[in-house]
1. When Thr475 is evaluated against the numbered criteria (1) within 27 Å of the chain's Cα centre (by Cα); (2) free of Cβ contacts under 8 Å to residues at least 60 places away in the same chain; (3) surrounded by 17 or more Cβ atoms within 10 Å (Cβ to Cβ), which criterion, by number, is the only one it fails?
2. Among the residues that make up segment 498-515, is at least one of them under 24 Å from Pro107 (Cα atoms) and surrounded by 14 or more Cβ atoms within 10 Å (Cβ to Cβ)?
3. If I filter segment 423-470 down to residues being closer than 28 Å to Gly367 by Cα and charged (D, E, K, R), which single residue comes out as surrounded by the most Cβ atoms within 10 Å (Cβ to Cβ)?
4. In this structure, does Tyr461 turn out to be closer than 24 Å to Gly100 by Cα and touching a residue at least 12 places away in the same chain (Cβ under 8 Å)?
5. Could you pull out the residue among Leu523, Leu517 that is within 28 Å of Leu562 (Cα to Cα), in contact (Cβ under 8 Å) with a residue 60 or more places away in the chain and of a type outside the set (D, E, K, R)?
6. Tell me which of these Trp184 doesn't satisfy, since it passes every other one: (1) of a type in the set (Phe, Trp, Tyr); (2) more than 30 Å from Gly264 (Cβ to Cβ); (3) modelled with pLDDT of 90 or more.
7. Return the only residue of Gln198, Gln261 being out of contact with any Cys (no Cβ under 6 Å at 6 or more places or on another chain) and at pLDDT below 90.
8. Looking only at segment 205-222, filter to residues that are assigned to a strand (DSSP E or B) and without any contact (Cβ under 8 Å) to a residue 60 or more places away in the chain; which one of those is farthest from Val366 (Cα to Cα)?
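The values are calculated or read from the model by the stated rules, or taken from the named source; none is laboratory data. Quantities reported herein were computed from a predicted structural model and do not represent experimental measurements. So basically every Cβ, Gly included, is an ideal-geometry build from the backbone, and we count neighbours across all protein chains shown.
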Amino acid sequence: MIRIKHILLATAVVSSLGLFAQHNEEVTIEGTYRPKINKVDKILMKAEMPEHTFEMPSTEVGVLDIEHRFPLELEKLSAMPFNVKGSLQETPTKNFLMAGMGTRLSPVFFYKHNSMLTKTLGLGVGIKHYSSWLDIKDYAPSGFMNNAFDISLFSKQSDKLQFKGNVYYKNDVVHYYGVRKSEWMGTEAALEKATPRQAYNTIGMHFESSSTTTRLREISEEAAVDYHYMYSGFGNTEHFFGLNFRTTYSNNWWGGKNNPQTVGLDFGFTGDVFKSVNTTVSPGSRMALFYMKPFIEMKDDYYRLHLGFALDTKGSALNGDSRITMHPDLRGSLYVLDKTVEFYAGLNGGRHVNTYSEVVGKNPFVGDALDLLLTNVKLGFEGGVRTNIMNTLDMHLGVRYRHTDNDPFYTVLGQMIDNQWVNNTFTLFYDETKVVSLLADARWLAVDRLTVDAGFTYNNYRMELLDQPLYRPATEGRLKVNYDFDDNLAIYSSFLYQGGRYARLDSPLLTTPSFKLKPVLDLGIGADYKVKDELTVFGKVDNLLHQKYQLFANYPVTGIQLFAGVKMRF
């Protein structure tokens, strides 16, 4: 018997850093563990000024964590918090410890320390481990593990400047055959050689700062810097660097005293150097993208407007392409019925650097040969309506349109070993796409102890070359219910749905037809019981229906799983 380990990539335990949309490397493949301490889902208006407070990371044992690809990330209209115990925001403490065990002897360990070094300087330290000690025998035997460590510093709000930043390290490995062992006709040694362990080590940092002035006729600045180095088990490497800067100036050139106008400029740089060990197929890439977004913002009691445009250019020495592209950066909202209804619309676009860490973050089963290109959203549109009824029900209906060049899709690269085709590693195929999405979202505070959160989206794809949108389902839905049974017991459940996605099993994309995988149906239930203020016992069942669906062809997810453990605050 071959002992094979399958290690699941997961989100690094880093604090929420939100001035800018930073490089996100959250990874999800199968029934994963996603910790959460601040489960509160507040429905908030977009803040006028960013708030800079240290946030404890999330520590919830959740159902299959495919939500990071769920497009219903919508701003809500009202400021209604859901304060049932199942979504109650915990009071930050100096130390938080979570330890548990799942089926297949899957240990879960999470620790976070948060303290003030001085009156204005804070420290955060986080450690995370999740693994499987027993084989998962869906196809060939497999196991998984991920480790993460981070340390962060943050400042309390001061008269002039505030900052926060962190450094982190992640070690993630995934080992999975992608073929039924009973169907393998070659030797075990050949199979092991054809399906090498895929490991990823990442070390990175993020730093951001901003001035705290809120006075008119004063210049305000915000800045963020990101860097990471990634090394894969294949030998691929990546250096990523990102710089974002914003400067604004506000004044009452017209209108009321409480509704000033703001002029500003966003500009920055994204650089990525990717080196592939398989130079005969993929020599790697060097990409540098500069952008600049001037804008003016204005508001009144019944409207908000953001008027601007975006310019970006690729480094002239890289692949000989130094064109400057221009895209709209327009959005606005109209409020009616005493701000209980909002109509919004916007136009946008721009180029995006496809990084190696982003690619393996969405699918760690990729191979060693990848071509990374710039993706260009030629035109994007969004519009819709949000409404709040009696401060207990938020609803949203929206439409999205994207026309994208070099849109990356995952497809199987495959290998011939001992005259046997092995579907183990994926590569990228780029196509020009036009996508129309219809979205619906609702959040309801049914009673004081019960909340319901639901969402649905429908996507219609049109591609130039592909016959089907590979691994992108047309329909997606979610339903979450939290119930506070009493002061000590909270019960919660989640249901996730994704329609059948299309897949291919060979590299020549246009020679064989695509086929459809079974839909994603994942139901999870759980409960927290507070023994005392410092100690909570939790239990969670993931994939209660025991559905062995596939997010990627020949990689079935884990079936039903049970987690149990304790949470401690001290």
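1. Every listed condition holds for Thr475 apart from (3).
2. Step one: filter segment 498-515 for residues under 24 Å from Pro107 (Cα atoms), giving none.
Looking through segment 498-515, none of the residues is under 24 Å from Pro107 (Cα atoms) and surrounded by 14 or more Cβ atoms within 10 Å (Cβ to Cβ).
3. Once the filter is applied, the top-ranked residue is Asp431.
4. Values: closer than 24 Å to Gly100 by Cα: no; touching a residue at least 12 places away in the same chain (Cβ under 8 Å): yes.
Against the criterion (closer than 24 Å to Gly100 by Cα and touching a residue at least 12 places away in the same chain (Cβ under 8 Å)), Tyr461 does not qualify.
5. Numbers: Leu517 fails: in contact (Cβ under 8 Å) with a residue 60 or more places away in the chain.
After ruling out the rest, the residue left standing is Leu523.
6. Checking Trp184 against (1) of a type in the set (Phe, Trp, Tyr); (2) more than 30 Å from Gly264 (Cβ to Cβ); (3) modelled with pLDDT of 90 or more, the one that fails is (3).
7. On the way: Gln261 fails: at pLDDT below 90.
Residue meeting the stated conditions: Gln198.
8. Let us first name the residues in segment 205-222 that are assigned to a strand (DSSP E or B), namely 205-211, 219-222.
Filter once more, keeping what is without any contact (Cβ under 8 Å) to a residue 60 or more places away in the chain: 205, 207, 209, 211, 219-221.
Values: Met205: 25, Phe207: 30, Ser209: 36, Ser211: 42, Ile219: 46, Ser220: 43, Glu221: 40 Å.
For segment 205-222, the residue satisfying everything is Ile219.
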